[in-house]
Structure formats: C-alpha cells, structure tokens
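**Student:** The structure follows.
The values are calculated or read from the model by the stated rules, or taken from the named source; none is laboratory data. Because the structure is predicted, anything quoted here is derived from the model rather than measured. Here the Cβ positions follow ideal geometry from the backbone for every residue, glycine too, while neighbour counts run over all protein chains shown. Ligands, DNA and RNA are excluded from the accessible area calculation, which covers all protein heavy atoms including side chains. Shrake-Rupley method; radii C 1.70, N 1.55, O 1.52, S 1.80 Å.
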Amino acid sequence: MQFSERISRITVSSTAAVVAKAEKLRAAGANLVDFGAGEPDFPTPEHIKQAAVRALSENFTKYTPTGGTRELKEAIVDRHAKDFGSRYSVEECLVTVGGKQAIFEAIVATLNHGEEVILPVPYWVSYLDIIHYAGGRAVLLETREADNFAVRADDVEAAITPRTRIIILNSPSNPTGSVMRREEMEKLLAVARRHKVLLLSDECYCHFLYDDLPFSLGSSDDREHLVIAGSLSKTYAMTGWRVGFALGSHKLLGNMLKLQSHSTSNPTSIAQKAAVEALRASQESVRAMLKEYHHRRDRIVAGLRAIPGVQCTLPQGAFYAYPNVSAYLNRDGLADTTVLAERLLEEAHVAVVPGPAFGTQQHVRISYATSQEMIDEGLKRMAAFFAKC
Ligand code: PLP
C-alpha cells in the first residue's frame with residue numbers, strides 16, 4: 001500500500017507521544033507526576049455539563065449548520081466583545097472542532113505550494129506540521145531566552161519576503177508562557193497590513209495572563225489581515241468537548257467552511273449547547289482557575305530555579321514553564337533533552353516534553369496544570385534526579 005506524499009510530510013504530534021508513554025506507565029501502576037499533558041486538571045464546571053445534559057434530554061442531537069449554530073456564534077462574539085472590546089458580527093465567526101481546526105483551516109485555505117509562513121521559535125508543535133501539510137515553508141524566527149522569548153515586530157518584518165503569506169503569533173505562548181506586549185502586537189498587525197499578509201493570532205490562552213489584563217488583537221477593526229483562533233478548551237477546562245472558533249473576514253471564513261463541510265461537518269451539537277452556557281454564564285470559574293494557575297506558576301518557577309544549573313524564564317501567561325536544562329546535557333549519558341525526558345520518565349516517573357518538539361534543543365516543557373501537591377512532588381523528584389547526574 002502506498003501513501004500520499006502529502007501525508008509523509010507530517011508526523012504524529014510529539015506531545016501526544018509523551019502523553020501515550022506516560023499513560024502506559026500509569027496503567028502499569030506507576031505513581032506518575034504528569035507535567036506533560038497540556039490540559040487543565042480542573043473538571044469542566046458543573047453548570048456547563050448540565051447544559052449538555054439538557055441538550056441531550058431535549059434531543060438536540062442532530063446535525064447543526066456546519067459552521068456552528070447562530071446561538072453559539074452570537075455567544076462567542078458577545079463574549080469577545082465584553083472581554084476585549086471587539087466588534088465582530090456573527091458572519092465573521094466560525095465555530096470549529098477545537099481551536100486546532102481553526103488553525104488548520106486558516107493555513108490550508110490561505111497557503112499555496114512553496115509559500116512562506118513566519119513562525120517564531122519556540123513554537124507550538126502543530127503549526128509546523130500543518131504548514132508542511134499545506135505545502136508551505138516555515139521560516140523560523142529565533143527569539144532570545146534572555147529577552148523572555150519575546151517576538152519583536154521589527155524582526156518579523158525583516159523576515160518577510162515576496163513569498164510570505166502568513167505570520168503566526170501565539171501569545172500567551174505554548175510552550176514558553178511568554179506574552180507579547182499589547183503595543184508590540186499592534187505593531188505586528190501594522191506590519192501584516194503593510195505587507196498584505198495574514199496575521200494568524202492563536203489566542204487559545206488569552207484569558208490566562210498573570211501580570212497583565214487579558215488582551216486580544218481582535219479589538220482592532222482589521223478584518224483583511226487578521227484571523228483569530230480561539231478555543232474553549234483551556235478557558236473553561238473543556239478540552240474533550242472540542243469547541244473552538246475563528247474570528248476574521250467573511251471571505252476567509254467562507255473558504256475555511258468549505259474544508260469543514262467536507263471533513264468534520266459541525267462541531268458536536270451538545271458540545272455547542274454547553275459552549276453557549278460557558279460563554280453566557282458567570283465567568284467566576286475562569287477567574288478561580290486563573291488565580292490557582294498564578295499560585296502554581298510562582299511555585300513551579302521558584303522550585304525549578306532552586307535546582308542547581310536549571311534556568312527558567314518567568315512565564316507571564318498560559319500554564320507552561322520552559323526551563324533551560326543545558327547544564328545537564330552531555331553529562332551522565334544525557335545526550336539531548338529527548339534522552340533526558342525519557343530518563344526522567346523512567347527513573348523518576350516525571351513526564352515532561354523535550355524541547356525539539358517546539359524547535360529548541362536546550363529546554364523541556366513543563367505543564368503546571370496540575371495540583372500544587374503534584375508540583376511539589378515533581379520538583380522534589382526532579383531535584384533528586386538532577387542531583388544524581
Ligand atoms: N493552540 C495552542 C497554542 C495550543 O496549545 C492548543 C492546544 O494545546 C491549541 C491551539 C488547540 O487547542 P484545542 O484544539 O483544544 O482548542
């Protein structure tokens with residue numbers, strides 16, 4: 001059996017590979033500290049689950065419009081307007097199967113073979129594979145750890161060529177937790193406008209900012225050069241429900257909808273009802289989660305910095321820390337961070353994701369979306385592991 005050239009350009013997400021390995025160990029009875037999974041440990045709030053139960057008992061179980069119900073689109077644009085002062089119409093909103101589908105469709109609908117996408121490093125794993133799948137070329141833009149992995153609009157502009165079609169921005173960032181300042185984001189949008197390219201702003205973590213107020217580029221009125229990918233996954237602890245969205249020009253969303261109509265069709269009907277509840281009801285649970293993540297951020301960063309040789313920038317958003325462990329590489333057989341992560345998992349039963357998944361060689365990603373007790377236990381095990389190396 002021969003497979004397509006297109007499919008051979010991509011690999012299974014390496015974060016998913018770590019999760020699978022950790023799962024296997026857990027099934028074998030290991031007492032695991034899981035810093036690998038990029039998802040909230042909180043359950044979906046009860047009132048959201050109840051909305052899905054109601055949808056089921058009311059038989060809201062059939063196809064909906066491919067791009068989501070009007071009720072949900074209204075809830076998305078209203079919530080976005082309330083939170084960020086944006087002014088999207090329902091026609092400028094597309095409901096997708098998670099934020100990931102919005103990103104996939106935006107890239108596939110925009111990119112021609114051989115065209116370029118500017119991608120800041122470190123990047124979230126899936127961008128690179130989606131660009132390759134679409135036949136595009138990723139132009140990797142290095143950022144500086146000493147500068148908290150900040151993306152600079154001037155650096156992006158310098159990387160633009162006549163073949164550039166898309167700039168990807170992910171603030172707060174997975175994997176670094178780095179947050180781009182509002183003025184810099186606006187400057188970047190001006191760069192996109194000047195060069196007539198599309199800025200794809202992945203704002204899946206935009207509600208989780210620790211040192212600043214939440215901000216979305218969607219507060220600008222630019223529709224032509226900006227598409228926002230959003231998600232309910234992290235904000236409402238709804239990763240398994242698979243509800244995300246895109247906000248952007250009606251024309252772009254129409255082309256994305258074509259892809260959706262021939263692949264997944266609509267996001268699950270009952271999940272859409274739950275999403276309406278999440279967006280319309282009190283946002284108290286979001287505030288409570290943010291407060292807890294803030295404590296955890298402080299705890300994990302302090303603990304990591306206390307391990308001799310480990311350096312860690314301060315994540316300003318999302319729920320990831322991205323420590324530099326280069327002091328331990330080439331010691332005790334630790335050839336690279338992939339070997340280090342494997343040994344950490346096997347010997348200390350701590351799951352982390354090695355940096356190459358995100359384009360860097362000296363780091364591992366730690367998700368602190370886990371309890372403070374687990375964080376303390378994981379830090380203790382990591383300190384003991386490194387002390388032996
Ligand atoms: N973008 C980033 C940066 C992410 O980390 C994730 C999930 O981990 C997503 C998008 C997609 O999330 P979902 O498809 O669950 O909405």
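**Student:** Just add up the charged neighbours of Thr313: K/R +1, D/E -1, any other residue whose Cβ is under 12 Å from the Cβ of Thr313.
**Tutor:** +1
**Student:** Mean separation of Cα pairs under 8 Å and 6+ residues apart, divided by the residue count of the chain: what relative contact order is that in percent?
**Tutor:** 24 percent
**Student:** On to the next question. Under 1.5 on a/c is rounded, so check that first for segment 241-389, then, if it is not, pick prolate when a/b is larger than b/c and oblate when it is not; a ≥ b ≥ c are the square roots of the alpha carbon gyration tensor eigenvalues.
**Tutor:** Since a/c reaches 1.5 and a/b is larger than b/c, the shape of segment 241-389 is classed as prolate.
**Student:** Divide by every residue of the chain the summed helix terms, -39500 (n - 2.57) for each DSSP H run of at least 4, and state the resulting mean residue ellipticity at 222 nm, rounded to the nearest 500 deg cm²/dmol.
**Tutor:** Calculated at 222 nm, the ellipticity per residue is -13000 deg cm²/dmol.
**Student:** Next up: Using DSSP to call loops (not H, G, I, E or B), can you name the trypsin sites (Lys or Arg not before Pro) in segment 255-340 whose Cβ has at most 16 other Cβ atoms within 10 angstrom?
**Tutor:** Arg331
**Student:** Can you list residues from other chains, or at least 5 along the same chain, whose modelled amide H is less than 5 Å from the amide H of Val139?
**Tutor:** Answer set, sorted by chain and number: Val117, Ile118, Leu119.
**Student:** Then there's this: Could you grab the Rg to Rh ratio for segment 118-247? Cα atoms only, Kirkwood for Rh.
**Tutor:** Rg divided by Rh gives 0.94.
**Student:** What's the magnitude of the charge dipole for the chain around its Cα centre, counting Lys and Arg as +1 and Asp and Glu as -1 at the beta-carbon? Answer in Debye, nearest 20.
**Tutor:** Dipole about the Cα centre, nearest 20: 500 debye.
**Student:** In segment 79-159, which trypsin sites (Lys or Arg not before Pro) are in a loop and have at most 11 other Cβ atoms within 10 Å, using DSSP for the loop call?
**Tutor:** Counting only loop positions with at most 11 other Cβ atoms within 10 Å, the trypsin sites (Lys or Arg not before Pro) in segment 79-159 are Arg144.
**Student:** Which net charge results when you count Lys and Arg as +1 and Asp and Glu as -1 among the other residues whose beta-carbon is under 11 Å from that of Val33?
**Tutor:** -1
**Student:** OK, next. For the chain, give the share of DSSP beta bridges that are antiparallel, in percent and rounded to the nearest 5; count only bridges with both residues there.
**Tutor:** 45 percent
**Student:** Using Cα atoms only, what is the angle between the long axis of helix 250-261 and the major principal axis of the chain, expressed in degrees (0 to 90) to the nearest 10?
**Tutor:** 70 degrees
**Student:** Measuring from the lowest to the highest alpha carbon on each principal axis, how far does segment 60-280 reach, largest first, in angstroms?
**Tutor:** 50, 40, 29
**Student:** Rounded, prolate or oblate: which fits segment 64-105, taking a ≥ b ≥ c as square roots of the Cα gyration tensor eigenvalues, rounded meaning a/c under 1.5, else prolate when a/b beats b/c?
**Tutor:** Verdict is oblate for segment 64-105.
**Student:** When ligands, DNA and RNA are left out and all protein chains stay put, how many square angstrom of accessible area per residue does the chain have with a 1.4 Å probe?
**Tutor:** Here the residues of the chain average 43 Å² of exposed surface.
**Student:** Going by alpha carbons, how many degrees (0 to 90, nearest 10) lie between the helix axis of 182-194 and the longest principal axis of the chain?
**Tutor:** The angle comes out at about 60 degrees.
**Student:** Related question: Semi-axes of the equivalent ellipsoid of the chain: what are they in whole Å, largest first, if each equals the square root of 5 times a C-alpha gyration tensor eigenvalue?
**Tutor:** 32, 26, 21
**Student:** Would you work out which of His132, Leu259, Ala237 lies farthest towards the positive end of the dipole of the chain? Charges go on Cβ: Lys and Arg +1, Asp and Glu -1.
**Tutor:** Farthest towards the positive pole: Leu259.
**Student:** What does the charge add up to near Lys21, with Lys and Arg as +1, Asp and Glu as -1, over the other residues with Cβ less than 12 Å from its Cβ?
**Tutor:** Counting the neighbours of Lys21, the net charge comes to -2.
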